[in-house]
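Participant: Next up is a structure, given as structure tokens.
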Amino acid sequence: MWRTTVLYVVLIAAAAAIMLPFVWMLVSSLKTSNQVFTVPVQWIPDPIVWQNYLDIWAKSDMSTWLGNTLLLSVTVTCIQVLTGSFAAYGFAKTRFPGRDVLFLVYIGTIAVPWQAYMIPQFMLMSKLGLSNTLWSIIVLQAFSAFGVFLMKQFYESIPDDLVEAARIDGLSEYGIWRRIVLPLSGPAIATLVLLTFVNVWNDYLGPLIYLRDSAIWTIQIGLKSFVSQYNAEYALIMTGSVLSVLPIALIFLLGQRYFVEGIATTGLKG
């Protein structure tokens with residue numbers, strides 16, 4: 001009994017430590033700039049400055065940054081789910097010479113740091129005329145070795161007999177994937193959607209390299225520019241930060257049940 005109590009105390013303390021910076025950011029977004037760094041920390045703003053959430057839209061191009069980020073996140077997520085699930089089906093449920101070697105080589109690319117091929121990739125995008133467009137980010141992130149790995153792990157839990165029965169009934173491989181395998185993959189797809197969306201939404205280095213025109217900046221690049229321009233407006237900076245993480249928090253809260261189930265069924269948990 002005491003072990004369970006200690007475990008709960010440790011978990012609650014860890015959760016509180018993780019949440020503390022976010023709570024401080026949220027509280028700071030409702031203060032005046034002079035109150036943000038007062039010691040001791042004033043956890044209940046007095047007065048509550050709701051005006052910060054109006055001023056941030058007037059002093060920055062927040063709507064454009066959020067719109068560009070949402071467009072990129074949704075588009076890349078949809079494409080990665082499509083390509084990742086389809087490729088994973090090939091590796092998990094079909095037989096062809098060299099399948100396992102090809103899968104290992106493909107998964108091995110996860111270990112190669114992006115910095116190792118960042119410059120050749122940039123030169124390729126420039127040659128294709130995609131640099132300084134949103135297409136550069138979409139094309140670069142359309143395929144994900146991790147997504148293929150995650151989906152393959154889940155597909156392997158689907159009985160092969162089910163797939164074989166569908167083949168005997170005359171379904172094509174595409175039909176088996178779309179009508180049988182995909183509908184059974186809700187938790188894995190939800191996990192891939194959540195991880196991909198968060199990754200694209202929070203990406204800073206990619207947009208910094210490829211998106212030079214301010215009209216196509218994402219929220220991360222826009223906030224960096226805003227901090228440089230209004231480096232003394234601490235409350236507004238915190239307000240922008242809250243707005244930048246709010247969609248991620250909402251998506252996770254809505255999909256956390258599927259996310260946990262997906263992690264448990266794809267073999268990714270410790």
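Participant: Calculate what fraction, in whole %, of the accessible area of the stretch 167-257 sits on carbon and sulfur atoms when a 1.4 Å probe is rolled over the protein chains.
Facilitator: Working: 2810 of 4470 Å².
Answer for the stretch 167-257 is 63 percent, counting heavy atoms of protein chains only.
Participant: Enter the per residue convex hull volume of the stretch 1-156, computed from alpha-carbon coordinates, in Å³ rounded to the nearest integer.
Facilitator: 236
Participant: Given a 1.4 angstrom probe, what's the average accessible area per residue across the stretch 205-249, in square angstrom? Mind dumping the intermediate values first?
Facilitator: Working: 1840 Å² over 45 residues.
Heavy-atom SASA per residue in the stretch 205-249 reads 41 Å².
Participant: Report the number of Lys pairs in the chain whose alpha-carbons are under 29 Å apart, with separation of 8 or more residues or on distinct chains. It would help to have the intermediate numbers written out before the result.
Facilitator: On the way: K31/K59; K31/K224; K59/K224; K93/K152; K93/K269; K127/K224; K152/K269.
Summing the qualifying lysine pairs gives 7.
Participant: In whole Å, what are the extents of the chain along the principal axes defined by its C-alpha atoms, from largest to smallest?
Facilitator: Taking max minus min along each principal axis of the Cα atoms, the chain gives 71, 64, 32 Å.
Participant: Rounded to the nearest 0.05, what FRET efficiency do Y117 and I44 have when you use their Cβ-Cβ distance and R0 = 51 Å? Walk me through the intermediate numbers first.
Facilitator: On the way: r = 50 Å, r/R0 = 0.97.
E(calc), rounded to 0.05, equals 0.55.
Participant: Which trypsin sites (Lys or Arg not before Pro) from the stretch 202-257 combine a DSSP loop assignment with at most 16 other Cβ atoms within 10 Å? Before the final figure, lay out each step's value.
Facilitator: Working: sites: R212, K224, R257; in loops: R212.
Passing both the DSSP loop test and the Cβ count: R212.
The values are calculated or read from the model by the stated rules, or taken from the named source; none is laboratory data. Keep in mind the model is a prediction, meaning the values are calculated, not measured. Heads up, the Cβs are rebuilt from the backbone with ideal geometry, glycines too, and the neighbour counts pull from every protein chain shown. Protein only, heavy atoms only, side chains kept; ligands, DNA and RNA dropped before computing areas. Shrake-Rupley method; radii C 1.70, N 1.55, O 1.52, S 1.80 Å.
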